[in-house]
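Below is one structure, written out as structure tokens, with a few remarks after it.
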């Protein structure tokens with residue numbers, strides 16, 4: 001197995017002359033250069049080597065397989081989990097002049113047959129499919145007779161039984177190498193911890209491959225967590241302090257999104273709800289509004305966000321705790337994609353934990369092993385929420401990345417009061433060591449408080465020295481202590497194994513030394529008003545610094561973009577992204593040559609849209 005490559009450590013020289021993939025990048029997509037980490041993946045795929053690429057939301061994962069797909073001869077297959085997502089990507093590619101299409105359940109049979117005929121005739125370069133449709137015997141046999149040159153798997157964490165969004169149909173993709181033995185595979189995801197990455201590699205790749213892991217850190221995001229104490233008032237105060245900018249408020253249910261949108265509208269906030277219960281037309285209309293209106297707040301379920309290209313989302317607010325730390329990371333990744341400062345805030349309470357554990361127990365298609373791993377992932381998110389030290393360090397530690405104290409989270413900006421827990425920490429170490437570092441948090445705490453469960457008695461753990469050492473301390477406090485020891489790097493959870501608690505090297509050094517362990521007594525009671533006040537002003541920063549005159553033009557260009565999007569039945573960002581319109585507003589191109597120099601304008605979009613947008617600029 002080849003070692004992972006960290007993009008942040010790579011400083012590759014630019015090619016001395018324009019290569020073929022640079023030509024495609026400019027002529028088709030309108031960009032002069034790749035973003036950090038993209039070119040390494042592109043070159044690997046062009047060399048015929050399979051790739052697992054873990055890149056944060058907004059890093060341009062799609063371009064990593066779309067560029068080599070256009071350079072290579074033959075057909076590229078793209079596996080995507082959501083019909084809406086593949087439709088948007090196909091629409092964007094078509095507008096860029098790319099022969100792309102999709103076969104999916106939202107089209108009638110005649111439309112799918114027509115697409116297939118074009119594929120069979122060699123008229124399609126990129127074909128999008130859901131895993132359920134691709135991994136049928138009939139489809140695989142038909143595709144195996146065609147010149148398939150590459151396979152891209154989007155949201156590849158769905159393939160892993162250890163991933164946070166495991167889908168059994170994705171697991172079948174592990175058989176692709178049997179049908180396409182010499183075809184490179186590009187597995188792309190934004191959220192995959194080490195266990196998930198290893199599982200993807202085992203399941204998917206048969207032989208040579210490279211794994212690229214870009215930095216998970218988003219330093220422009222201010223991380224905040226606070227205890228849920230009257231969530232409606234907390235939400236109103238938060239959004240009101242950021243009035244006039246765009247944000248996303250994530251809610252657990254469809255009903256709650258409607259309630260939140262109504263509450264915010266009652267406070268004079270431009271707000272709408274978004275969830276899977278809306279019609280396709282309503283979802284498209286609301287997506288277009290979100291991309292176009294600079295002050296719109298969307299109250300949404302997790303159905304919203306994937307594939308939405310809006311760079312100037314200034315905050316993401318969670319009224320309820322997400323399902324896992326991976327889900328949380330992906331959802332906060334929709335804020336500040338323009339690199340400007342943005343705020344993320346999660347409300348968190350004991351009721352959220354109970355509800356999330358109930359959801360896991362009620363999963364009818366999951367075995368005990370999978371449920372156990374989901375509980376471990378949930379505990380990792382609780383550990384993050386209860387962190388008493390730098391919150392960014394805790395978040396990145398989960399993904400195997402180390403960083404300095406950030407100075408840009410609530411714990412750094414407004415440190416909480418700490419208590420000495422050194423003696424209790426050693427009691428936890430003793431119980432883990434005495435039981436052989438094989439058992440999870442629940443069993444270790446049973447040992448410490450002296451709870452004689454059937455499992456504990458069968459293992460003989462009622463006879464060890466650490467049994468009932470901490471019987472006078474409530475279970476909830478021990479749970480908080482364990483989580484805070486994990487967040488401080490003294491313990492870790494073996495998610496890939498049986499979720500046992502392991503003593504880290506740092507924890508071993510702590511045991512040998514006379515170091516002290518401090519913890520927060522009420523991890524969730526401390527509010528983060530100081531941090532929020534500090535960031536409230538900066539959170540209203542526009543995506544780029546435009547003059548008043550250019551800002552007026554930008555709004556007019558967005559209206560034109562929305563009109564063109566409605567004519568074509570596509571989301572507004574498929575026409576041009578906000579960054580492209582901002583560049584256009586500053587440059588004010590008056591000729592085709594000048595318009596072509598606008599960032600994100602390729603040959604196809606130059607022909608389709610230049611005249612109409614230049615007319616707006618001239619007016």
For the stretch 547-557, check the following and say yes or no: at least one residue is at pLDDT 90 or above and closer than 30 Å to residue 99 by Cα. yes
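Where in the stretch 175-282 are the helices (runs of 4 or more DSSP H), entirely inside, with at least 2 residues that are in the same structural domain as residue 320 (by TED's automatic domain parsing) and out of contact with any strand residue (DSSP E or B) (no Cβ under 7 Å at 6 or more places or on another chain)? Before you say what the answer is, go through the steps one by one.
Working: elements: 176-179, 194-204, 231-240, 254-266.
Helices (runs of 4 or more DSSP H) meeting the threshold: 231-240, 254-266.
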Within the stretch 283-300, can you find the residues that are within 21 Å of the chain's Cα centre (by Cα) and not in a helix (DSSP H, G or I)? 297, 298, 299, 300
Taking the stretch 343-356 and keeping only residues that are at pLDDT 80 or above, assigned to a helix (DSSP H, G or I) and surrounded by 15 or more Cβ atoms within 10 Å (Cβ to Cβ), one is left with 352, 356
Can you pull out the residues in the stretch 375-392 that are touching a residue at least 60 places away in the same chain (Cβ under 8 Å) and assigned to a helix (DSSP H, G or I)? 375, 376, 377, 379, 380, 381, 382, 383, 384, 385, 391, 392
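Please pick out the residue among 127, 134, 93 that is touching a helix residue (DSSP H, G or I) at 6+ places or on another chain (Cβ under 6 Å) and either in the same structural domain as residue 30 (by TED's automatic domain parsing) or within 25 Å of residue 283 (Cβ to Cβ) (or both).
Values: 134 fails: touching a helix residue (DSSP H, G or I) at 6+ places or on another chain (Cβ under 6 Å); 93 fails: touching a helix residue (DSSP H, G or I) at 6+ places or on another chain (Cβ under 6 Å).
Among 127, 134, 93, only 127 is touching a helix residue (DSSP H, G or I) at 6+ places or on another chain (Cβ under 6 Å) and either in the same structural domain as residue 30 (by TED's automatic domain parsing) or within 25 Å of residue 283 (Cβ to Cβ) (or both).
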Taking residue 70 as the residue in question, decide whether it is assigned to a helix (DSSP H, G or I), at pLDDT 90 or above, outside the structural domain of residue 583 (by TED's automatic domain parsing) and buried (at least 17 other Cβ atoms within 10 Å of the Cβ). yes
Conditions first: (1) at pLDDT 90 or above; (2) surrounded by fewer than 14 Cβ atoms within 10 Å (Cβ to Cβ); (3) within 33 Å of the chain's Cα centre (by Cα). Residue 507 passes all but one, so which condition is the exception? (2)
Return a yes/no flag: does the stretch 98-111 have any residue that is assigned to a loop (DSSP other than H, G, I, E, B) and crowded, with 20+ Cβ neighbours inside 10 Å. yes
Looking at (1) buried (at least 19 other Cβ atoms within 10 Å of the Cβ); (2) modelled with pLDDT of 90 or more; (3) farther than 30 Å from residue 360 by Cβ, find the lone condition where residue 144 falls short. (1)
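Determine whether the stretch 220-230 contains at least one residue that is closer than 19 Å to residue 332 by Cα and more than 23 Å from the chain's Cα centre (by Cα). Walk me through how you get there before you give the answer.
Filtering the stretch 220-230 for residues closer than 19 Å to residue 332 by Cα gives 220-228.
Retained after the next criterion (residues that are more than 23 Å from the chain's Cα centre (by Cα)): 227-228.
Yes: one or more hits.
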Taking the conditions exactly as written (closer than 20 Å to residue 26 by Cα and either in contact with a strand residue (DSSP E or B) (Cβ under 6 Å, 6 or more places away or on another chain) or not in a loop (DSSP other than H, G, I, E, B) (or both)), does residue 556 satisfy them or not? no
Hey, any hits in the stretch 37-52 for a residue that's in contact with a strand residue (DSSP E or B) (Cβ under 7 Å, 6 or more places away or on another chain), modelled with pLDDT under 95 and in a loop (DSSP other than H, G, I, E, B)? yes
How many residues of the stretch 412-439 are under 16 Å from residue 458 (Cα atoms), touching a residue at least 40 places away in the same chain (Cβ under 8 Å) and out of contact with any strand residue (DSSP E or B) (no Cβ under 6 Å at 6 or more places or on another chain)? The answer is 0
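So, in the stretch 405-423, exactly how many residues are surrounded by fewer than 21 Cβ atoms within 10 Å (Cβ to Cβ) and in a helix (DSSP H, G or I)? Full working, then the answer.
Of the stretch 405-423, the ones surrounded by fewer than 21 Cβ atoms within 10 Å (Cβ to Cβ) are 405-408, 412-420, 422-423.
Now drop any that are not in a helix (DSSP H, G or I), which leaves 412-413, 422-423.
Looking only at that region, the number is 4.
How many residues does the stretch 593-619 hold that are outside any helix (DSSP H, G or I) and surrounded by fewer than 18 Cβ atoms within 10 Å (Cβ to Cβ)?
In the first step, residues of the stretch 593-619 are kept if they are outside any helix (DSSP H, G or I); the result is 597-602, 619.
So of that shortlist, the ones also surrounded by fewer than 18 Cβ atoms within 10 Å (Cβ to Cβ) come out as 597, 599-600, 619.
Here the count works out to 4.
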Please specify each residue of the stretch 458-475 satisfying the condition of being exposed (fewer than 14 other Cβ atoms within 10 Å of the Cβ) and closer than 18 Å to residue 500 by Cα. 458, 460
Name, by its number, the condition in (1) at pLDDT below 85; (2) touching a strand residue (DSSP E or B) at 6+ places or on another chain (Cβ under 8 Å) that does not hold for residue 483. (2)
Taking into account only those residues within the stretch 159-171 that are buried (at least 23 other Cβ atoms within 10 Å of the Cβ) and at pLDDT 70 or above, which is farthest from residue 82 (Cα to Cα)? 160
Being free of Cβ contacts under 8 Å to residues at least 12 places away in the same chain and either touching a strand residue (DSSP E or B) at 6+ places or on another chain (Cβ under 6 Å) or not in a helix (DSSP H, G or I) (or both) is the filter here, so list the residues in the stretch 123-143 that pass it. 136
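Can you go through 587, 561, 533, 568 and tell me which one is modelled with pLDDT of 90 or more, within 29 Å of the chain's Cα centre (by Cα) and not assigned by TED's automatic domain parsing to the domain that holds residue 428?
Values: 587 fails: within 29 Å of the chain's Cα centre (by Cα); 533 fails: modelled with pLDDT of 90 or more; 568 fails: modelled with pLDDT of 90 or more.
Among 587, 561, 533, 568, only 561 is modelled with pLDDT of 90 or more, within 29 Å of the chain's Cα centre (by Cα) and not assigned by TED's automatic domain parsing to the domain that holds residue 428.
The values are calculated or read from the model by the stated rules, or taken from the named source; none is laboratory data. Keep in mind that this is a model prediction, so the values were computed, not measured. Because the Cβ atoms are built from the backbone with ideal geometry, glycine has one as well, and the counts that use them run over all protein chains shown.
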